[in-house]
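This report concerns only the one structure given below.
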Amino acid sequence: MSKYKLLINGELVAGDKAMDVVNPATEEVLTECPWASEDQLNQAVAAAKAAFPAWSATSIDERKKVVGAIADTIEANAQEIAQLLVQEQGKPLQEAIGETYGTVAFFRYFMSLDLPVKVIEDSERRRVEAHHKPLGVIGAIVPWNFPLILMSFKIPPALIAGNTIVLKPAPTTPLTSLRIAELVKDVVPAGVLNVITDKNDLGAPMTAHPDVRKISFTGSTATGAKVMAGAAGLLKRITLELGGNDAGIVLDDVDPKKVAPQLYDSAFRNSGQICIAMKRLYVHEKVYDEICEELSRIADEAIIGDGLEQGTTMGPLQNKMQFDKVKELIEEARDKGKVIAGGEVPDQKGYFIRPTVVRDIGDDARLVKEEQFGPVLPVLSFSDEDDAVTRANDSPWGLGGSVWASDLDRAHSVADKMDAGTIWINQHAALDPSLPFGGSKSSGLGTELGQEGLEEFTQLKVINMKKETAA
Ligand code: NAD
């Protein structure tokens, strides 16, 4: 029997079924974990529905206290949670520690926000107020690349706004969510936060459930489209944070030695498995050779290994499916470009791929057109800035992008022409809980983080009072 339990209605309960969780660095079974049945999903939704009236009637300050208590609990157990994150997800321990404390900080950020009533008009004739009301039960669905930080985009704003939640992590990274559920069981009122785990089979029924009022989803574009279709029948609210194929554009006035380490980190952190990783790099021909050389030198220095081993700078891919997909993209890229770093799969257990840099690759390569979500970066050259922007924008996605330059005005004018939810200048993937985050085109719908990310968990309600009594 697994030591991990689901959290349903304030109780830790065994799953009706069980499944294995694999350590991606060893390919060995790490532990057994509960696999909730659809009946248990329904129990979790029913518990969240029953808890909603009392929870939504509490004051926002009381709810913030609960969110603060969750943050304190994660912080007090951060080292243990980070170790578990490495074992289930694969990332190096330092990055896992960063994600864990980042999660605490994101939780606490939302405690600084409020949902004040906005008085739109207060005249002799009428008083009109805009209120933000909670929605009800939120279904929160999370992928496997950042199981902790992505939960902090959803749990704190949903709870502070007065909603209750059923959280479902990805099947390959359920353990940190279950451990946090166990730790916070007694600091959150029963039914307000429920955590269930599945084998990719409960997202669809959760989306279709009539008592779930909103789905807050982070994951692939293909699954996001299914969520949208599943929610349509009930006109359910959805926020979709989906895939991306972020372009970086490097102008001709950069110092290659200065920017290359930052470009490398933007593409390869978390083994490239970041929605807003830099996934295509367009470099001005004047600095192209030097940037390629620097990137390949840095990539060759990477120490690949188990995230718990000291010195490891890059862990494995998180799961076999992703590992196989990235290997396939590299094989195709060999014919379409020149591999100047990596490209090999070390002869050892674990889903490891060395950081791979491919230059002189055509725009039509799958590695350029698709989301690789792994440690391989195509580097393309350009001579005309507008051409680089056109090529960068020629994508179904629009999550993030970046411009790198010494002349900040020039960089800003390029950034202005790029089509994505966020464009960074001289940085990439610089997430901050106070800044709204969302994608354009197939990268998503709606916004997370910031005040907007809190308001997305509410229904706008207008009270329009004529200043005249009815008697
Ligand atoms: P995925 O879409 O396969 O799975 C994401 C989650 O959806 C999992 O919890 C999964 O169990 C669940 N799911 C599966 N089928 C479902 C269904 N029919 N209905 C509802 N939920 C269902 O994605 P993944 O492979 O785990 O994650 C990688 C993808 O996530 C990448 O494309 C990446 O870019 C994207 N991502 C986006 C963001 C963002 O903020 N935009 C952040 C992280 C990852």
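Brief remarks follow.
- Each of Asp201, Asp255 has some number of other Cβ atoms within 10 Å of its Cβ, and from fewest to most they run Asp255, Asp201.
- Only DSSP H runs of four or more residues enter the estimate; each adds -39500 (n - 2.57), and after division by the residues of the chain the mean residue ellipticity at 222 nm equals -11500 deg cm²/dmol.
- Prolate/oblate/rounded call for the chain, Cα gyration tensor, a/c under 1.5 rounded: oblate
- The slack between Glu290 and Glu38, meaning 0.36 nm per residue of separation minus the straight C-alpha distance, is 85.2 nm.
- A straight line joining the Cα centroids of segment 1-63 and segment 66-93 runs 17 Å.
- Close amide-amide hydrogen proximity is noted between Ala341 and Val357, each under 5 Å apart and 5 or more residues distant or on a separate chain (H modeled in the peptide plane; Pro and chain starts excluded).
- Restricting segment 1-81 to trypsin sites (Lys or Arg not before Pro) in coil, as DSSP defines it, with at most 13 other Cβ within 10 Å: Lys3
- Gain upon complete extension [Asp407, Arg366; 0.36 nm per residue less C-alpha separation]: 11.5 nm
- The residue list Gly230, Tyr109, Gln89 was ranked by how far each Cα lies along the charge dipole of the chain toward its positive end, using unit charges on Cβ atoms, and Gly230 comes out on top.
- With a Förster radius of 60 Å applied to the beta-carbon distance between Asp384 and Lys461, the computed FRET efficiency rounds to 0.75.
- Beyond 27 Å in Cα-Cα separation lie the following of the pairs Lys5/Lys49; Lys226/Lys417; Lys91/Lys286: Lys226/Lys417; Lys91/Lys286.
Read-outs: derived from the displayed coordinates by stated rules, not from any lab. Not measured: the values here are computed from a predicted model. No Cβ is skipped: glycine too gets one built from the backbone with ideal geometry, and neighbour counts run over all protein chains shown.
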